1. With 10 angstrom as the radius, rank Trp128, Trp80, Trp20 by how many other C-beta atoms surround their C-beta, starting from the fewest.
2. Rank by packing, highest mean first: peptides 62-74, 160-172, with packing defined as the count of other Cβ atoms within 10 Å averaged across residues.
3. Would you mind computing Rg(Cα) / (2.2 N^0.38 Å) for the range 52-124, counting N as its residues?
4. Can I get the semi-axes of the range 18-216's equivalent ellipsoid? Compute them from the C-alpha gyration tensor as square roots of 5 times the eigenvalues, in angstrom, largest first.
Amino acid sequence: MTTTSPERLRPSTRARGDWWIPTSLLALAVVPSAGGAARLVDLSGGRTAENARFFDLPAPILVHIVGSTTFLVLGALQVWPSFRRRRPAWHRWSGRVLVPAGLAGGLSGMWMAAFSDVPAHDNATLMWLRLLFGAVMVAGLVLGLLAIRRRDVRTHQRWMARAYAVAQGAGTQALFLDPVVVLAGQPSGNLKAVVMGAAWVVNLAVAEWLVRRSRQGPGSASVTPPGSGQIEGRLPSTTRSP
């Protein structure tokens, strides 16, 4: 007679209850993704007074929309714990699309912040915030990639979480800006910069809390790409050099 240990039951129990993670992230990504799609439709209709500044930099805008949307969607599945456990090969191969897409979205966003005309309700402070958090996102992707290449899974997860948190800033900014619009009208200048900067800071704070909680909790290690020498809840049995 065979028995099933609690450890073997635990993953399936978690699998039934963690669907809210990708659902929440995809819901948060709806606003920027829909905005990007609307922008592409707008550009396909020809140049107008309202979209003239976008026609001046069509390539970075196209790259930003496609790269960022791809990064947000794939990223939501990458951080889905039960899906990662069931499809470790998918996690690895989709990462080869996700990282270039994130880099394309981040770098093109920084390019537009630096070289496009400042929108009517923005100011130089917001431009510098976009450059700062864009740099954080790009650095997170690069450091996360370097970490996984040397099989440092925990560092990889932390930096990728931070990069994804910055990318999700557009969705959080919509949540933050809507109440301000209702109460005080369309924000501009430093008020808009503060609200949008706060959204990025909150996202990063939540990501930092989650990665630290994951590191400290029992059995917190996640399934990693094949060949990494690590399985859930267990440290590697041998010591590897970096």
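Where a number appears in this text, it was derived from the coordinates with a stated rule and is not lab data. Predicted, not measured: the structure shown is a model, and the values here were computed from it. Every residue, glycine as well, gets a Cβ built from its backbone with ideal geometry; the counts of neighbours run over all protein chains shown.
1. Result, fewest neighbours first: Trp20, Trp128, Trp80.
2. Ranking, from highest mean packing down: 160-172, 62-74.
3. The value comes to 1.40.
4. Taking √(5λ) for each eigenvalue gives 29, 19, 16 Å, largest first.
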